[in-house]
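Notes follow the structure.
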């Protein structure tokens, strides 16, 4: 790709285990691993977007649960593993978006609890912040009475409850929730009213909750009067007893950390670099106590950075795209994974897959494909990607059996064309959704309004295409 500074190509893998496509899907997404298998959201052109699982082979890839039967989609999101259970959000044909769980089997995949009531969304599709703590999952939900509050679940209906001490008068958590656990403490952003969204903590040992710090105090003049400032902490990544996060204290979204319950800025323009982290989910991974993140210092564009938690130890890894918005522009945590101490990440506007050991010389181009939603299990890398021939699930580190299982054609006349059209329409919805998220980050009402209209139009076209596909393939 023009403008990319290629260093070397990544080392080769054993024959048969090189990066390759396992199964083709329509816009697969949201990948995590549990018990050596990948779990992800995908549309096979028949069942809509549902939960799938794979062991890295075509024969071992299967639909786990058709939560919204037929061509409808339950759209599983926010996948997280807690012990031997997978938790996620989904919406079937009866309930709105609720909390679901799975033990990896069809019979063990079910909705945990109908928190909001039939056809009402308790968990936001923009991010419910599902986070593991003490064998339970914590998340943001709205039961229709108390507003958007902190909840927890042990996987049972009776054990899914609103966390005590929450505000009973209105929403406390932001639309896109982010959380992380350090020991028995859960950190998140909250606004009980009057302070804006600031850093809060919940102690799971005694059930107490409170504000840690108001990182952006005061107000800013607005058209209708003073507007309460919000630092909006997000992008939490834990490294032992240290927690990294992104917050805006009035100087832009910067890198912060919490040590022993005390927050502080990591970067300091008086000491070293002070890059801006455009995406709240731009903190990518921690390897050997080094944080990797996507940031823009105003000169290189959005590129890969590393930090040991000190101003002097925070630096650019390498500038992969000297011309343009930066190789990691738009890249978030879901676009990265760590395999055997190596960070794999999407680069060049997600046009290529790269890997790094944290040095410029150790940063390599792995493959020319548009990767996203990376996940690792041991030495195996799973990802969703498109090499120009179509999207699908890809894997590195697993070889196909010598005799692949026979595939019985089931395509009916007209089904292929209708499926292609539906895939194109679904891709437009994904594109419009991404653009809406980016528009929201600009906090520009006009851009958000335009993006919402574009998304509504794309969804309407996708629904029409899906109906046509269902009729053609029935």
>> Among the numbered criteria (1) in a strand (DSSP E or B); (2) out of contact with any helix residue (DSSP H, G or I) (no Cβ under 9 Å at 6 or more places or on another chain); (3) in contact (Cβ under 8 Å) with a residue 24 or more places away in the chain; (4) farther than 16 Å from residue 182 by Cα, which one does residue 321 miss?
In response: (1)
> With (1) over 20 Å from residue 265 (Cα atoms); (2) assigned to a strand (DSSP E or B) as the list, and residue 236 as the residue in question, which single condition is left unmet?
Replying inline: (1)
>> Here are the criteria: (1) modelled with pLDDT of 90 or more; (2) over 17 Å from the mean Cα position of the chain (by Cα). Tell me which single one residue 17 does not satisfy.
In response: (1)
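Can you spot a residue in segment 329-337 that is touching a helix residue (DSSP H, G or I) at 6+ places or on another chain (Cβ under 8 Å) and touching a residue at least 60 places away in the same chain (Cβ under 8 Å)?
Among the residues of segment 329-337, at least one is touching a helix residue (DSSP H, G or I) at 6+ places or on another chain (Cβ under 8 Å) and touching a residue at least 60 places away in the same chain (Cβ under 8 Å), which makes the answer yes.
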> How about segment 267-288: which of its residues are part of a loop (DSSP other than H, G, I, E, B) and closer than 17 Å to residue 232 by Cβ?
Replying inline: 277, 278, 279, 280, 281, 282
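Determine whether residue 338 is modelled with pLDDT of 95 or more, within 17 Å of the chain's Cα centre (by Cα), outside any loop (DSSP other than H, G, I, E, B) and under 21 Å from residue 242 (Cβ atoms). Don't jump to the end; show me each part of the working.
Working: modelled with pLDDT of 95 or more: yes; within 17 Å of the chain's Cα centre (by Cα): yes; outside any loop (DSSP other than H, G, I, E, B): yes; under 21 Å from residue 242 (Cβ atoms): yes.
So residue 338 passes the test.
Yes/no matrix, rows are residues, columns are (1) at pLDDT below 95; (2) over 29 Å from residue 220 (Cα atoms); (3) within 23 Å of the chain's Cα centre (by Cα):
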{"site": "164", "(1), (2), (3)": "yes, yes, no"}
{"site": "167", "(1), (2), (3)": "yes, no, no"}
{"site": "174", "(1), (2), (3)": "yes, no, yes"}
{"site": "186", "(1), (2), (3)": "no, yes, yes"}
{"site": "196", "(1), (2), (3)": "yes, no, no"}
{"site": "206", "(1), (2), (3)": "yes, yes, no"}
>> Let me spell it out: the conditions are (1) modelled with pLDDT under 90; (2) on the phi > 0 side of the Ramachandran plot; (3) not in a strand (DSSP E or B), and residue 56 meets all of them except one. Which number is the exception?
In response: (1)
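Across segment 106-142, which residue is surrounded by the fewest Cβ atoms within 10 Å (Cβ to Cβ) among those that are part of a loop (DSSP other than H, G, I, E, B) and free of Cβ contacts under 8 Å to residues at least 24 places away in the same chain?
Let us first name the residues in segment 106-142 that are part of a loop (DSSP other than H, G, I, E, B), namely 106-109, 114-117, 119-130, 134-135.
Pick out the ones that are also free of Cβ contacts under 8 Å to residues at least 24 places away in the same chain and you get 107-108, 114.
Values: 107: 8, 108: 13, 114: 17.
For segment 106-142, the residue satisfying everything is 107.
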> Among the numbered criteria (1) surrounded by 13 or more Cβ atoms within 10 Å (Cβ to Cβ); (2) not in a strand (DSSP E or B), which single criterion is violated by residue 250?
Replying inline: (1)
> Filter segment 292-309 for residues that are more than 16 Å from residue 344 (Cβ to Cβ) and surrounded by fewer than 24 Cβ atoms within 10 Å (Cβ to Cβ); which is farthest from the chain's Cα centre (by Cα)?
Replying inline: 299
> What residue, of 70, 48, is modelled with pLDDT of 90 or more, out of contact with any strand residue (DSSP E or B) (no Cβ under 9 Å at 6 or more places or on another chain) and either more than 25 Å from residue 344 (Cβ to Cβ) or buried (at least 19 other Cβ atoms within 10 Å of the Cβ) (or both)?
Replying inline: 48
>> Can you find, within segment 389-404, the residue that is nearest to residue 36 (Cα to Cα) among those that are surrounded by fewer than 11 Cβ atoms within 10 Å (Cβ to Cβ) and either at pLDDT below 65 or in contact with a strand residue (DSSP E or B) (Cβ under 8 Å, 6 or more places away or on another chain) (or both)?
In response: 404
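Yes/no matrix, rows are residues, columns are (1) out of contact with any strand residue (DSSP E or B) (no Cβ under 9 Å at 6 or more places or on another chain); (2) within 26 Å of residue 342 (Cα to Cα); (3) modelled with pLDDT under 95; (4) crowded, with 22+ Cβ neighbours inside 10 Å:
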residue	(1), (2), (3), (4)
1	no, yes, yes, no
24	no, no, yes, no
29	no, yes, yes, no
34	no, yes, no, no
89	no, no, no, yes
93	yes, no, yes, no
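The values are calculated or read from the model by the stated rules, or taken from the named source; none is laboratory data. Nothing here was measured: the structure is a model prediction, and the numbers come from that model. In this analysis, Cβ positions are derived from the backbone assuming ideal geometry, glycine residues included, and neighbour counts consider all displayed protein chains.
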